[in-house]
Amino acid sequence: MPTTKKMPVVLQKTQEFQYLYRLIYTIKFFDNVGRKKVYGIEIRYGDIIEKIEDISSVKKIVITLLQKLEAEKCSPLHLKDVVDDFVIDQII
């Protein structure tokens with residue numbers, strides 16, 4: 001069973017909202033390479049928590065996305081759509 005670990009916390013504050021952005025990682029097993037650390041993102045706003053645990057095994061890529069989410073003050077409700085678009089852009 002994969003475990004999710006939380007990395008250092010980055011806090012984004014505005015007058016109306018307070019979002020908490022976290023880089024997280026999970027250890028996953030892949031048939032061709034064995035165990036590998038994959039990185040994801042968690043966003044919290046009060047009781048609303050959204051996370052995607054497996055965005056990339058390249059930490060720098062996920063940190064870049066996390067910085068963009070913070071800069072744009074992305075809501076947890078939009079995390080999945082933003083990550084989907086980001087991943088597609090990385091492929092193209």
_Hz values of 3J(HN,Hα) by residue in segment 64-73 - Karplus curve (6.51, -1.76, 1.60), Gly and Pro given as x_ = 4, 5, 4, 5, 5, 4, 5, 4, 8, 6
*Potential extension, residue 87-residue 68 segment - 0.36 nm per residue separation minus Cα distance*: 5.5 nm
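Values in this text are rule-based calculations from the coordinates and carry no lab data. Because the structure is predicted, anything quoted here is derived from the model rather than measured.
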